[in-house]
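One structure below.
We did not get these values from a lab; they are worked out from the coordinates using the rules stated. The structure presented is a predicted model; accordingly, all values stated were derived computationally and were not measured. Here Cβ is always computed from backbone atoms with ideal geometry, including for glycine, and neighbour counts include all displayed protein chains.
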Amino acid sequence: MKKVAIITIQSINLGNRLQNYALQEAIKELGYDVYTLQRVHKTFSVKTLVEDIKDLGRTLLGTRKGRYIRFDRARIRFGKEYVLANEADSDLADKYDFFVAGSDQVWNPYYGHLAGISDLLFFARNGQKISYAASFGVDAVPDEKQEIFSNQLQGFKDISVREEAGAKIVKELTGREAVTVLDPTLLLDISQYKKIQKKPASVPNGKYVLVYLLGGRTEIFTEYVQSSMEYKEDELYDILQWKASGRQLPIGPAEFIYLVNHSEMVLTDSFHATVFATIFHKPVRTFPRGGIDISSRIVSLASSFGLGTNFTEDGVFYINKDADYGQIEEHLNEEKEKSIRFLKMALG
């Protein structure tokens, strides 16, 4: 069985961990032995020992970070090897047949603290380099980074990206055509997510509207909530709110899936929250995010749903309660078949 290594960003972010899991499962279903390479290399020291003890405590105490640690340990199959932002084992290319960069914003040129040239697979041989639904997260690569992106991307066997904006960047930098594919979270069926959902320790009594805003509550969001007749203010359940103790609610990826599944509606500025609301057939409002423009990602996502015109004048993407989910799934199935074909071809 051929071995495949996934290289992606690893952070305390719901969408990031869930896309990692989904890509792992999708490639595994094609008959490959799949691992995710670790991004942090720990050499033994008193400091790392203390941090390991703290992580164990977080897991046992049920903190937010602990929920992420628990999810990774239960659901992500990590390899023994590691890659830092710009450093990797010298013999890494000999240990795997293919390396897959993606998904998420692995190619965001401003994410130096999370990603680097390792996400461009500099350590692998050209015939081993593949990207799946890699995202730049921006509409253009800054001038000072164009050369390195151009040089590294030329060596890829096959390139796929998550957004049309990304395909345009690849074309401009390399002259190559990149395939636009679905985010890996959309490759799995709803039944697969129901199997890994976990009921949080604290769940709202009665009906609730799930709120997940990475950019905080903007003026557009506030005005919408105040004018909405669909729910009451006390029905909003904001999972990024802070508890009286000063800690965030202990919600990890598995708990997040449960909360989306059992909600009446989702209000968000997150790409992946929009994805899971749609998977679970929940009405959703996706607001422009405060502080960062993610519109190209949401536009591409809306297009994959066949809902490219479902935007308000304020740029809010919406799916209503009476939406034709049969038609949405028909569009998604077409894109899913295309995405799986790409993976089969690239790994063949």
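If the chain between E334 and L236 were fully stretched, how many nm would it gain, using 0.36 nm times the residue separation less the Cα-Cα distance?
So the chain would gain 31.8 nm between E334 and L236.
Mind checking the full-extension length gain between R217 and S202? Use 0.36 nm per residue of separation minus the Cα-Cα distance, one decimal, nm.
That works out to 3.1 nm of additional length.
For P(r) over Cα pairs in 10 Å bins from 0, in percent, the listed values are (1) 5, 24, 29, 20, 10, 5, 3, 2, 1, 0, 0; (2) 5, 23, 28, 21, 14, 6, 2, 0; (3) 5, 25, 34, 25, 10, 1, 0; which was obtained by calculation from the structure presented?
Calculated P(r) over Cα pairs in 10 Å bins from 0, in percent: the matching label is (3).
Full-extension gain between I148 and R73, please, as 0.36 nm times their residue separation minus the C-alpha to C-alpha distance.
The I148-R73 span can extend by a further 23.6 nm.
For a quick check, take a GNM of the chain with Cα springs below 10 Å and name the residue from K95, K157, K336 with the largest mean-square fluctuation.
Sorting by GNM fluctuation, first place goes to K95.
Report the Cα-based extents of region 3-186 along its three principal axes, largest first, to the nearest Å.
Sorted from largest, the Cα extents of region 3-186 read 51, 33, 31 Å.
Can you tell me, using C-alpha contacts under 8 Å and at least 6 residues apart, the relative contact order of the chain as a whole percent?
Result for the chain is 16 percent.
Give me H272, H262 ranked fewest to most by other Cβ atoms within 10 Å of their Cβ, as a rough exposure proxy.
H262, H272
Within 10 Å, count the other beta carbons around each residue, average over each peptide in 76-82, 148-154, and list them highest first.
Answer by packing, highest mean first, reads 148-154, 76-82.
Under a straight-distance cross-link criterion of Cα-Cα below 17 Å, which aspartates and glutamates are reachable from K28, leaving out those fewer than 8 residues away in the same chain?
D72, D97, D183, D189, E337
How large is Rg over Rh for region 197-331, taking Rg from the Cα atoms and Rh as the Kirkwood inverse mean of 1/r across Cα pairs?
On the way: Rg = 14.5 Å, Rh = 15.3 Å.
For region 197-331, the value is 0.95.
Testing the spin-label approximation: label points 7 Å from Cα along Cα→Cβ at S227 and M1. State their distance in nm.
Computed distance between label sites S227 and M1 equals 5.4 nm.
When a footprinting reagent is the concern and you count Cβ atoms within 10 Å, what order do M345, M1, M229 take, fewest first?
M229, M1, M345
As an exercise, use a Förster radius of 41 Å and the Cβ-Cβ distance of E87 and E172 to find the FRET efficiency, rounded to the nearest 0.05. The partial results should precede the final answer.
On the way: r = 28 Å, r/R0 = 0.69.
Here the calculated transfer efficiency is 0.90.
In a GNM of the chain with a 10 Å cut-off on Cα contacts, which of Q38, Q248, Q105 has the highest mean-square fluctuation?
Q248
Step through the table entries K65/K282; K129/K199; K145/K195; K198/K336, compare each Cα-Cα distance with 32 Å, and write down the pairs that go over it.
K129/K199; K145/K195
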